[in-house]
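Here the structure is laid out as structure tokens; the discussion comes afterwards.
The values are calculated or read from the model by the stated rules, or taken from the named source; none is laboratory data. Keep in mind it's a predicted model, so treat the numbers as computed, not measured. Note that we place each Cβ from the backbone using ideal geometry, even for glycine, and neighbour counts take in every protein chain shown.
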Number of protein chains: 2
Amino acid sequence: MEHNLDYTIALLACTPATLDALLRDLPDAWVLSNEGERSWNAFDIIGHLIHGEKTDWMPRARMILEFGESRTFEPFDRLAQERDSAGKSLSQLLDEYARFRAANLDDLRAMKLSDDDLRKGGVHPVFGSVTLYQLLATWAAHDLTHLHQISRVMAHQYRDAVGPWTKFLGVMQCAGHSS
Amino acid sequence: MEHNLDYTIALLACTPATLDALLRDLPDAWVLSNEGERSWNAFDIIGHLIHGEKTDWMPRARMILEFGESRTFEPFDRLAQERDSAGKSLSQLLDEYARFRAANLDDLRAMKLSDDDLRKGGVHPVFGSVTLYQLLATWAAHDLTHLHQISRVMAHQYRDAVGPWTKFLGVMQCAGHSS
């Protein structure tokens with residue numbers, strides 16, 4: 001399929017309601033169980049998505065527009081949610097995520113980005129030159145990688161329960177490349 | 001996590017609204033693009049889920065309760081959606097899926113299954129003896145395997161768009177074990 005900014009925004013707009021529909025009414029056991037050791041559960045993942053809304057995508061987009069390749073993005077803190085989500089309920093996190101995402105999309109639409117803007121470059125701390133277009137596409141794909149992860153983490157809880165069906169369920173074969 | 005019938009029903013109740021929130025408002029390009037050749041797109045997958053509601057899960061549950069291991073389940077037609085979804089819109093399919101699922105869950109709750117019922121066995125055409133408990137757990141895990149698949153199929157569309165971020169996105173490494 002072709003890809004463009006409208007498609008990216010359309011997907012970004014759907015994710016909070018998707019995760020809300022999936023998680024809000026589930027028993028805690030579904031939401032708080034992980035894949036063992038220090039792997040993430042669905043609650044952790046929503047916290048991680050909120051942190052991205054606050055510190056990653058739009059701040060980096062603004063940095064590209066303002067400073068181009070003369071400044072390197074701040075590294076993303078992949079463990080921030082352990083601190084930020086402490087004491088909150090899943091419902092609070094889902095509300096917070098939806099609120100930040102809606103505000104960010106309002107800001108993104110208000111930027112009225114041109115094709116020239118989208119071709120502007122920035123510097124990622126690990127892999128160097130990227131474009132604003134790639135950053136925004138990654139924002140959407142990052143939603144999908146965590147939806148993929150949540151479905152895998154939840155399916156893992158039923159690995160024994162499904163008995164011989166395990167080998168017919170692709171998600172049970174997924175080795176966790178989406179950490 | 002422990003697993004039980006209440007957890008299974010809770011998850012089964014969330015899936016139609018989850019897929020509705022994800023897909024209903026997206027441009028067709030997201031919904032109709034696949035992973036190449038005869039692989040499934042999101043539209044195909046919703047059709048497949050509907051066929052399961054009609055012919056797989058509850059008919060097999062009733063067969064176990066009525067006939068136990070004296071009858072083998074009908075094989076599931078994995079291509080039925082090509083016929084059944086023809087000429088329908090995604091919105092129609094999402095409505096149909098939600099309607100069948102809600103009716104099936106009403107029926108399932110009305111069965112008031114006991115632990116003895118859940119231990120009853122049936123015969124799968126490929127791998128033989130299964131229990132009613134395993135069948136119902138698989139119904140829920142099957143939702144998750146297709147949510148996992150849809151997120152992968154959609155992310156695939158942005159494989160080029162994300163540029164160097166590809167290697168940081170787990171979903172882009174998923175080789176498609178969830179066919």
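Tabulated data
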| read-out | value |
| --- | --- |
| Selected residue (only one of A:L5, A:L49, A:L23, A:L11 is of a type in the set (A, V, I, L, M), within 11 Å of chain B (Cβ to nearest Cβ) and either touching a Gly at 6+ places or on another chain (Cβ under 7 Å) or farther than 19 Å from B:G163 by Cα (or both)) | A:L23 |
| Count of the range B:112-125 residues which are surrounded by 12 or more Cβ atoms within 10 Å (Cβ to Cβ) and out of contact with any Ser or Thr (no Cβ under 8 Å at 6 or more places or on another chain) | 2 |
| Among (1) under 26 Å from B:C14 (Cβ atoms); (2) assigned to a helix (DSSP H, G or I); (3) out of contact with any strand residue (DSSP E or B) (no Cβ under 9 Å at 6 or more places or on another chain); (4) at pLDDT 95 or above - the single one B:K88 does not satisfy | (2) |
| Every residue from the range A:1-50 that is farther than 18 Å from B:L147 by Cα, in contact with an Asp or Glu (Cβ under 8 Å, 6 or more places away or on another chain) and free of Cβ contacts under 8 Å to residues at least 40 places away in the same chain | A:A10, A:P27 |
| Top-ranked residue in the range A:155-166 [being part of a helix (DSSP H, G or I) and facing another protein chain (nearest Cβ under 8 Å); ranked as surrounded by the most Cβ atoms within 10 Å (Cβ to Cβ)] | A:A155 |
| Scope the range B:26-46; condition more than 7 Å from chain A (Cβ to nearest Cβ) and aliphatic (A, V, I, L, M); matching residues | B:V31, B:L32, B:A42, B:I45, B:I46 |
| Residues satisfying the stated conditions in the range A:80-100, i.e. within 21 Å of A:D25 (Cα to Cα), of a type in the set (D, E, K, R) and surrounded by 15 or more Cβ atoms within 10 Å (Cβ to Cβ) | A:K88, A:D95, A:E96 |
| Test: residue in the range B:55-66 that is within 21 Å of B:V130 (Cβ to Cβ), of a type in the set (G, A, S) and not in a loop (DSSP other than H, G, I, E, B) | yes |
